1. May I ask you to say which residue of Ala58, Ala67, Ala85, Ala106 is over 17 Å from Gly10 (Cα atoms) and open to solvent by 20 Å² or more (accessible area, probe 1.4 Å)?
2. Among the residues of region 121-138, how many are in contact with a Ser or Thr (Cβ under 8 Å, 6 or more places away or on another chain) and either in contact (Cβ under 8 Å) with a residue 60 or more places away in the chain or open to solvent by 40 Å² or more (accessible area, probe 1.4 Å) (or both)?
3. Somewhere in region 165-181, is a residue within 30 Å of Ala86 (Cβ to Cβ), basic (Lys, Arg), in a helix (DSSP H, G or I) and open to solvent by less than 40 Å² (accessible area, probe 1.4 Å)?
4. Filter region 201-258 down to residues that are of a type in the set (Gly, Ala, Ser) and touching a Pro at 6+ places or on another chain (Cβ under 8 Å) and give me whichever is surrounded by the fewest Cβ atoms within 10 Å (Cβ to Cβ).
5. Could you look through region 16-32, keep only residues that are more than 9 Å from the ligand (Cβ to nearest atom) and of a type outside the set (A, V, I, L, M), and pick out the one that is nearest to Ile122 (Cα to Cα)?
6. Residues that are within 25 Å of Gly120 (Cβ to Cβ), in contact (Cβ under 8 Å) with a residue 40 or more places away in the chain and more than 15 Å from the ligand (Cβ to nearest atom), at least 2 per element: which helices (runs of 4 or more DSSP H) completely within region 215-292 meet that?
7. Are there any pairs, at least 6 apart or on different chains, whose C-beta atoms fall under 8 Å, with the first in region 11-37 and more than 20 Å from Gly235 (Cα to Cα) and the second of a type in the set (Asp, Glu) and near the ligand (Cβ under 8 Å from one of its atoms), and if so, which?
8. Just to be sure before I move on: is Ala42 out of contact with any Leu (no Cβ under 7 Å at 6 or more places or on another chain), surrounded by fewer than 14 Cβ atoms within 10 Å (Cβ to Cβ) and either outside the structural domain of Ser119 (by TED's automatic domain parsing) or at pLDDT below 95 (or both) in the structure I sent?
Amino acid sequence: MARIAFIGLGNMGGGMAANLAKAGHDVRAFDLSEDALARAEAAGCLRAPDAVSAVDGAEAVVTMLPAGTHVEQVYADIVPACAPAAVLMDCSTIDPATAKRVAAAAIAHGLAAVDAPVSGGIAAAAAGALTFMVGGPEDAFARAEPYLAQMGKAVIRAGGRGAGQAAKICNNMILGATMVATCEAFVLAQKLGLDPQAFYDISSVSSGQSWSMTSYCPVPSVGPETPADRNYEGGFAAALMLKDLRLSQQAAAEAGAHTPMGARAAELYEAMAADGEGGRDFSAIIERFARR
Ligand code: NAD
């Protein structure tokens, strides 16, 4: 069993750190929040007084932080303090450019580093059922993979440094756009006199099918149980979808890619968040279309 530093014990990181402790690792946990630290301790982690102490002697370091600025700041502190043989895994969702920069800084110190953002929400983090999309050289991937596998159901190498983040934001750009398309189609179908269940039965086995339709249907009582059946509570917050869509649009601008559907989805989620609905599940955007 290994000594692992885990930094960022929020909604996602809390469950992930708990799974590493459950697997028998010696997990040294740090977060700025006292509540998060107390929960990690109750889940079998050891509380570290700060990030630098957490990484002291650790063979593996996992970070699960809100955004690129937090990752950059934490890496500036911990990289010089890491043990020479350590492998660093940043599981936060951040822009590919920052991911490449922080990994390069770690590598310059002789460390192995990968970006390893996740697909799956808070329930998947707690259940150890995340999908990891990993960017980094093959040898770093080989070292990170056994740890990531203990927190997830799939660990897939996307390519070199930053490729995990690229895969994550492209995947979530599809998700945002297909959710918007699915919601507006349900609204139109209903206005044309179709029963939502009948439309689901047809579209879910036709070419309109997508994950947003069949696994995350935005209409209550249609398809599998989803946040739509809980008044759009829990699930994946619209504010987080907006964060990922903004990252995709920033990356598209930097790469010179034309992403009109992603751009429109970002505008629609901007409007939802501006109206104070950022805490609701992202599929609640259907209500905005239905109101018009
Ligand atoms: P969160 O806000 O619940 O947790 C982040 C934690 O980081 C907080 O506890 C905060 O106190 C801590 N933190 C911030 N700065 C720190 C610092 N300098 N040192 C130590 N701790 C610090 O966020 P979350 O929902 O757990 O998301 C984490 C990451 O995972 C984000 O990048 C998010 O985009 C991504 N993600 C989230 C979900 C989801 O459903 N919540 C799904 C996939 C990916």
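The values are calculated or read from the model by the stated rules, or taken from the named source; none is laboratory data. Nothing here was measured: the structure is a model prediction, and the numbers come from that model. Reconstructed Cβ throughout: ideal geometry from the backbone, glycine too, with neighbour counts over all protein chains shown. With ligands, DNA and RNA removed, areas are computed over all heavy atoms of the protein, side chains included. Shrake-Rupley method; radii C 1.70, N 1.55, O 1.52, S 1.80 Å.
1. On the way: Ala58 fails: open to solvent by 20 Å² or more (accessible area, probe 1.4 Å); Ala67 fails: over 17 Å from Gly10 (Cα atoms); Ala106 fails: open to solvent by 20 Å² or more (accessible area, probe 1.4 Å).
Selected residue: Ala85, the only one of Ala58, Ala67, Ala85, Ala106 that is over 17 Å from Gly10 (Cα atoms) and open to solvent by 20 Å² or more (accessible area, probe 1.4 Å).
2. 1
3. Residues of region 165-181 within 30 Å of Ala86 (Cβ to Cβ): 165-172.
Cutting the leftovers down to basic (Lys, Arg) gives us 168.
This time we only want the ones that are in a helix (DSSP H, G or I), so: 168.
Now drop any that are not open to solvent by less than 40 Å² (accessible area, probe 1.4 Å), which leaves 168.
Checked region 165-181: at least one residue is within 30 Å of Ala86 (Cβ to Cβ), basic (Lys, Arg), in a helix (DSSP H, G or I) and open to solvent by less than 40 Å² (accessible area, probe 1.4 Å).
4. Filtering first and then ranking leaves Ser215.
5. Across region 16-32, the extreme among qualifying residues is Asn19.
6. Numbers: elements: 238-255, 260-274, 285-291.
Output list reads 260-274, 285-291.
7. Leu37/Asp31
8. Details: out of contact with any Leu (no Cβ under 7 Å at 6 or more places or on another chain): yes; surrounded by fewer than 14 Cβ atoms within 10 Å (Cβ to Cβ): yes; either outside the structural domain of Ser119 (by TED's automatic domain parsing) or at pLDDT below 95 (or both): no.
For Ala42, the condition - out of contact with any Leu (no Cβ under 7 Å at 6 or more places or on another chain), surrounded by fewer than 14 Cβ atoms within 10 Å (Cβ to Cβ) and either outside the structural domain of Ser119 (by TED's automatic domain parsing) or at pLDDT below 95 (or both) - is not met.
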